[in-house]
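The structure under discussion appears below in the form of structure tokens.
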Amino acid sequence: MRGGEGDCCVVVVGAGAAGALTASHLVTSLSPRYRVALVDPSPTTGRGAAYSTTDERHLLNVPASGMSAFPRDPEHFFRWVRNHHDKEAQPQDFIPRHVYGDYIHGLLQTAAEYPGNARLERREEAVVAIARRGDRFTVRLSSGQAIVARAVVLATGSSPRTDWAPAGLSSADVADPWTDELPDGDLLLVGTGLRTTSLAHADPFFRDVVAPVCCALQAVVEGDFGSAANQLAAVLPRATALGGSAAQRDVLQDTLVYALARSGQGEQAAVVLDERLSRRASPRDARQRARIREGQGASSPRTASAPAWASGGQTQPRPGWQDRG
Ligand SMILES: Cc1cc2nc3c(=O)[nH]c(=O)nc-3n(C[C@H](O)[C@H](O)[C@H](O)COP(=O)(O)OP(=O)(O)OC[C@H]3O[C@@H](n4cnc5c(N)ncnc54)[C@H](O)[C@@H]3O)c2cc1C
């Protein structure tokens, strides 16, 4: 990137993990005559949806040894954790997500404080338009102000907005492929996450069973128990397609019971166990059901009937897993 004094600005749109890390690397690698504008209406930097939680139980889904911000120094995050969070931490530990937010935020702060680095400017507003003329970009902000930049980095995460797409494409946009009617003709899939790959997968078994189960288990790991319960309830009638033994499939039903109980739907959890106990005796299930009902208290309704999905029927309650990317 070349240019005279005053026009050496890079705009990074989005201050989640990706934007903050990009800004941090840019600030470190460019000289002080450069300015890096990090623009995001969110008051947090480096956290985004994933690392904004303050709950210690919300853990990273990758061990500490796999979350370094520096590809050439894979242990960097692990060492940072030992110095700043837990001196007993091990490389294989799953660290609370908020700690990772602290890490990214800290990296950017340190980079911005060093006088030999580029200057960082944090703007708490949204980018509403970007126009290109020659080798300059005019980045319009929600305040009405504009920044002229030599380069723009888009790090807006998985925002479903598609107004960046050409009109012809966005008018045929399919926001929810499971409920929207698909247009005739070729499809362009944007992104390579689980939702996209499962939609693109030729094998309906992967699309309709494996991907939803993975999404549900991910929701459990992320502590989103209500969503996990909905997703598991929707996919359980199709779980026999996974093969294996009934005992192995019971693990999914156990996870459903757990997710229901953790999301305050204790009576529904007990109903799932009722249905299972009506098929086969199990002291463990009976104990668990008793514990759940005790936890519910005497005032809880006991009248819920076993839903079809509890016994592998075809009626699905709410189609939950589609809601996740
Ligand atoms: C609950 C949860 C847990 C996760 N756990 C992990 C994990 O353990 N490990 C892992 O590797 N990944 C995890 N992920 C995936 C995670 O999302 C990514 O790792 C990473 O945080 C994505 O960062 P991002 O900066 O791309 O997006 P985001 O964090 O979504 O940030 C995008 C930012 O762009 C801003 N933005 C959008 N539009 C504009 C605009 N027009 N102008 C200005 N700003 C804008 C938004 O306000 C937002 O702050 C998790 C995701 C979630 C949801």
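Kirkwood radius for region 15-164, taken over all pairs of different Cα atoms as the inverse mean of 1/r, rounds to 16.6 Å. Label positions at Asp184 and Leu277, each projected 7 Å from the Cα along the C-beta direction, are separated by 5.7 nm. Judged by the mean number of other Cβ atoms found within 10 Å, the most tightly packed of the peptides 244-250, 212-218 leads the ranking 212-218, 244-250.
In the calculated pair distance distribution of region 217-259, what percentage of Cα-Cα distances lie above 12 Å?
56
Here region 58-73 is scanned for amide nitrogen atoms under 20 Å from the site 7 Å beyond the Cα of Ser42 along Cα-to-Cβ, giving 58-62, 67-70. Packing around the peptides 110-120, 92-102, taken as the average count of other Cβ atoms within 10 Å per residue, puts them in this order, highest first: 92-102, 110-120.
Put simply, when 70-83, 29-42 are sorted by average Cβ atoms within 10 angstrom per residue, most first, you get 29-42, 70-83.
Amide H to amide H distances under 5 Å link Thr45 with no residue, where only residues 5 or more positions off or on other chains count and H is placed in the peptide plane. With a cut-off of 18 Å on the backbone N, the residues of region 105-127 near the modelled label site 7 Å out from Ala146 along Cα-Cβ are 126-127.
Between Ser29 and Asp208, the C-beta separation translates, for a Förster distance of 51 Å, into a calculated FRET efficiency of about 0.65.
Scanning residues 5 or more positions from Arg122 or on other chains, those with amide H under 5 Å from its amide H are Leu38, with H placed 1.01 Å from N in the peptide plane.
Available extension along the chain between Ala129 and Asp86 is 11.2 nm, counting 0.36 nm per residue and deducting the alpha carbon span. Extending 7 Å from Cα along the Cβ direction at Asp250 and again at Glu113 yields two label points whose distance is 5.6 nm.
In sequence order, region 272-278 has phi-based couplings of 4, 5, 3, 5, 5, 5, 6 Hz under the Karplus curve 6.51 cos²θ - 1.76 cosθ + 1.60, θ = phi - 60°, and Gly or Pro positions carry x. Computed from backbone phi, the HN-Hα couplings of region 289-294 come to 4, 4, 4, 5, 5, 4 Hz, rounded to whole numbers (Karplus: 6.51 cos²θ - 1.76 cosθ + 1.60, θ = phi - 60°; Gly and Pro given as x).
Rounded to the nearest 20 debye, what is the charge dipole size of region 94-133 about its Cα centre when +1 sits on each Lys and Arg Cβ and -1 on each Asp and Glu Cβ?
Using only the charged Cβ atoms, the result is roughly 280 debye.
For region 99-112, backbone phi angles converted through the Karplus equation (6.51, -1.76, 1.60; θ = phi - 60°) give residue-by-residue couplings of 5, 5, x, 4, 4, 5, 4, x, 4, 5, 4, 4, 4, 6 Hz, Gly and Pro being listed as x.
Only the coordinates and a few stated rules stand behind these numbers; no lab work does. Since this is a predicted model, take the numbers as computed values, not measurements. As a convention, Cβ positions derive from the backbone with ideal geometry for all residues, glycine included, and neighbour counts pool all protein chains shown.
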